């Protein structure tokens, strides 16, 4: 009976129905880290587990493939590893070392060197998407009554510190002529954004580089002041837009990020204003919320610049969300085509503005290829097509003759036509050091040789054996390079890539072809 049980278990594993991963979580001194959270992302959804008293964890699954295992613990910087799992595998010693968190602390001071209480200080990471700058909030903290802040839980990396004062609240517009209170506001308002060290815009910001367990002290930011102004507007809603709740918001526009400057409910048809705004670029957003559908019901967006006078936006007419329709086809079509494969979905990505809660920007694609993204507001969007099987990729996405693969997709430009190619190739290989030994957790990038229309970066991470793989790569000529010691977001930075491609490998991806390459790792730090 025992032999039969063992045979059944072995067959169960060989059929790819079961795999096991084990490992230990330790700190920088080699001690066990009890209670570390271990999460898994990959072909199969698995519940998170916690490391035991000895820092040991065990993961079990049924679907083989490539997984990303992430480990985190309070007061430690998180770590991730790419792991390839074959059917029936039992991988041991998939270990992690958690380093102590890095910390940034300092003060926010006014132009008179007085403490600024309640300001939000953000540690931004500079990253890129489709070659466009996109700042990511890696951590933040509010200042206390002494103007002091402390941002902890940061990983080793390069950060840009920005500060935004207390969020303002819209109010009913004061009558003209300006009151004494308004006159005082013009000369007592801090800048609505500033950057370390004392720069009024992101372009003048200097990076702060943190090492694991390090503490960067004395990063004081001077939140200078000056003359400030008011932005006024009246929000109006047509009958088809529910007005149970109307919110007026102002956001600062900073390098692809949108810290909140003002936020509050306003009365439809009543002129409202936000004051204490210093010079800078902003986005005004007016939205309404339908409590019955739990969706955003009305929308208005306007980009504006505050310079040397008050700004009157006039009437902001809320408009309802409408469907964006489209169709996906495969080109060239096969002689016998059974329709689209798998579970494909289309998602619109907000382009140059913050989130509106209750938008409907994702839709499943019908077997016929048609789709309708519901509740889309008149604005600019990027496009993502998800759920494509291996070998499939987006060849073109067109609105009124424009290729919108890198945007913008717009509601007023008609239906969206997306064509898929299914002759995508693959590139795989091994990352090695100067002694030809495998290097795990290396960052591998592929960039097209002809990037005249923008830099597109494919990125991957080598697994526990130094192996990496790219799938569904459009046919063409590419350059491939591997790195270790990168800060987060660096593998997408166009300036970094162009400066570090001297040792890249040239490869050509043919239709449905597969290339194998050995990539020597460039150790950046």
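Observations, loosely collected:
- The simple Förster model, with R0 at 35 Å and r as the Cβ-Cβ distance, assigns residue 50 and residue 227 a FRET efficiency of 0.05.
- With the simple spin-label model, which puts each label point 7 Å out from Cα in the Cβ direction, the residue 281 to residue 501 separation comes to 2.6 nm.
- Two-site FRET efficiency, residue 144 against residue 508, from Cβ-Cβ distance with R₀ of 51 Å, rounded to 0.05: 0.30
- Residues of the stretch 209-240 with amide N under 19 Å of a point placed 7 Å along Cα→Cβ from residue 305: 227-232
- Taking the centroid of alpha carbons for each part, the stretch 36-57 and the stretch 484-525 are 30 Å apart.
- Directionally averaged projected area (the stretch 229-314, Cα convex hull): 5.7 nm².
- Remark: relative contact order (the chain) = 10 percent; criterion is Cα-Cα distance under 8 angstrom and separation of 6 or more residues.
- Packing-based exposure ordering (other Cβ within 10 Å, fewest first) of 415, 24: 415, 24
- Cα point-scatterer Debye curve for the chain, base-10 log of I(q)/I(0) at q = 0.10, 0.12 Å⁻¹: -1.02, -1.35
- 104, 94, 344 arranged by Cβ crowding within 10 Å, fewest neighbours leading: 94, 344, 104
- Shape summary of the stretch 312-456, radius of gyration then Dmax from alpha carbon positions: 19.3, 68 Å.
- The mean sequence distance of close C-alpha pairs (under 8 Å, at least 6 residues apart), as a share of the length of the stretch 102-226, puts its relative contact order at 35 percent.
- Neighbour-count order for 67, 159, fewest beta carbons within 10 angstrom listed first: 67, 159
- Gain in span if fully extended, residue 209 to residue 166, counting 0.36 nm per residue against the direct Cα distance: 12.8 nm
- Between residue 41 and residue 516, the contour length at 0.36 nm per residue exceeds the Cα-Cα span by 168.4 nm.
- Axis of helix 2-14 versus longest Cα principal axis of the chain: the two differ by about 60°, to the nearest ten degrees.
- Inter-site label distance for residue 477 and residue 129 at 7 Å from Cα along Cβ, in nm: 3.1 nm
- The antiparallel fraction among DSSP beta bridges confined to the chain stands at about 80%.
- Linear extension gain, residue 271 paired with residue 28, 0.36 nm per residue minus alpha-carbon span: 81.6 nm
- Nitroxide proxy distance, nm - points 7 Å out along Cα→Cβ at residue 201 and residue 117: 3.4 nm
- Dimensions in Å of the stretch 275-362 - Rg and Dmax from alpha carbons: 20.0, 66
- Computed E for residue 465/residue 402 - FRET, C-beta separation, R0 56 angstrom, nearest 0.05: 0.80
- Inter-part distance where the stretch 303-320 and the stretch 145-161 are each reduced to a Cα centre, Å: 34 Å
Only the coordinates and a few stated rules stand behind these numbers; no lab work does. The shown structure was predicted, so the numbers you read here are calculated from the model rather than taken from an experiment. Backbone-built Cβ (ideal geometry, glycine too); neighbour counts: all protein chains shown.
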